[in-house]
Amino acid sequence: MQSIKSNEIVKKINNLRKKNINNFQSNYFFTQIEEDILYAENNDALVFLSREKTFYKLFYAFVDAVSFSNLLKDLPDIKIYLEIISKQEPSHDLQTALKPYFEYKTTYQKLYKKLDVIEKKIPVISTVDIDLIFEKLYQSFDIYFEHLMQKEELIELASNNKVITIYENNEMTSFIIYKVQGTKAYLNQIANYGSKSNLIDLWKKFYLALNNDGIKYLDLWYNKQNKKAENMYNIEQFQPLNMFNYCYKKV
């Protein structure tokens, strides 16, 4: 594979799209990537790798699935993971191209919930131990598909009161990390290591914080294999969106 600047790869993707827009497929939607990346291409396909922590994410664009598959043969022998965000399952041609080289791992689905904002604001105060929460993040969540943040981002969110915690007997039992954009919020991670009542208290505290922020719409991604999480989001009356993230690992 060769090295290329990220802005050059975008040009190549656009050229492929123009070449045959009806057969064009890609999993790159202007995701933030490194400035310098590794890539390979042929006449009808290209692939590139973006480093993420201790592994790489594969991005692709093609107008011919066989040409795409030919590029996968020569991927380097390193940890490579693949995400395909789509409203439907990957096409038969795409699955056929991937099968010899990538193993399906799981699917995430997007959920949402509309919220009513009321005038009454109740201050929400949380004790936030950055080191502890950062440690819990990397212990409790999938590093390969859940896009875990760096400590600097966690510090910034905590400084803006976007980390909610519950403590019992001087121990942190639950936390939520979220981001806000206008009147919309995204729930990054939620974890509960304590009782059911701790989790209930966490959600109550979270909704108060969202109301203080004027949030009218909340969404998140959840792993469909996690039935405990699915049950929790059903209880909280989240609704499914027709948007999925199909996740693979290089064999």
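The values are calculated or read from the model by the stated rules, or taken from the named source; none is laboratory data. This one's a predicted model, so the numbers in the text were calculated from it and none came from an experiment. Positions of Cβ are backbone-derived with ideal geometry, glycine not excepted, and every protein chain shown enters the neighbour counts. Side chains are part of the model used for accessible areas, which takes the heavy atoms of the whole protein and leaves out ligands, DNA and RNA. Shrake-Rupley method; radii C 1.70, N 1.55, O 1.52, S 1.80 Å.
Counted as qualifying within the range 145-251 are the strands (runs of 3 or more DSSP E) with 1 or more residues that are of a type in the set (D, E, K, R), more than 20 Å from I130 (Cα to Cα) and at pLDDT 95 or above, namely 184-192, 217-223, 239-250. Set side by side, the residues K205, K196 differ, and just one is among the charged types (D, E, K, R) and in contact (Cβ under 8 Å) with a residue 40 or more places away in the chain, which is K205.
For the range 113-154, the candidate set comprises residues that are surrounded by 15 or more Cβ atoms within 10 Å (Cβ to Cβ) and over 30 Å from I78 (Cβ atoms); within that set, the residue that is farthest from the chain's Cα centre (by Cα) is V124. Filtered by the rule that a residue be touching a Leu at 6+ places or on another chain (Cβ under 9 Å) and not β-branched (V, I, T), the range 195-229 gives F206, Y207, L210, N211, K216, Y217, L218, D219, L220, W221, Y222. Considering only the range 25-60, how many residues are hydrophobic (A, V, I, L, M, F, W, C), open to solvent by 20 Å² or more (accessible area, probe 1.4 Å) and at pLDDT below 95? Residues meeting the conditions: 4. Scan the range 65-80 residue by residue and report those that are surrounded by fewer than 20 Cβ atoms within 10 Å (Cβ to Cβ) and within 27 Å of N20 (Cα to Cα). Passing the criteria: V66, S67, S69, N70, K73, D74, L75. Reported count of residues in the range 111-139, each being part of a helix (DSSP H, G or I) and out of contact with any Ser or Thr (no Cβ under 9 Å at 6 or more places or on another chain), is 9. Within the range 18-49, the set of residues being in contact (Cβ under 8 Å) with a residue 24 or more places away in the chain, out of contact with any Ser or Thr (no Cβ under 6 Å at 6 or more places or on another chain), of a type outside the set (F, W, Y) and closer than 25 Å to K87 by Cα comprises K19, N20, N23, Q25, S26, N27, T31, L46, V47, L49. For N169, are the conditions met, namely being more than 22 Å from the chain's Cα centre (by Cα) and open to solvent by less than 70 Å² (accessible area, probe 1.4 Å)? When the stated conditions are applied, N169 does not pass them.
Can you confirm whether the range 190-203 contains a residue that is within 18 Å of the chain's Cα centre (by Cα) and either over 30 Å from L72 (Cβ atoms) or not hydroxyl-bearing (S, T, Y) (or both)? Within the range 190-203, one or more residues are within 18 Å of the chain's Cα centre (by Cα) and either over 30 Å from L72 (Cβ atoms) or not hydroxyl-bearing (S, T, Y) (or both). For Y108, the conditions (1) part of a loop (DSSP other than H, G, I, E, B); (2) in contact (Cβ under 8 Å) with a residue 60 or more places away in the chain all hold with the exception of (1).
Taking each residue of the range 83-102 that is farther than 20 Å from F30 by Cα and among the hydroxyl-bearing types (S, T, Y) and looking for partners that are open to solvent by less than 80 Å² (accessible area, probe 1.4 Å) and assigned to a loop (DSSP other than H, G, I, E, B) with beta-carbon atoms closer than 6 Å, six or more apart or interchain, yields nothing.
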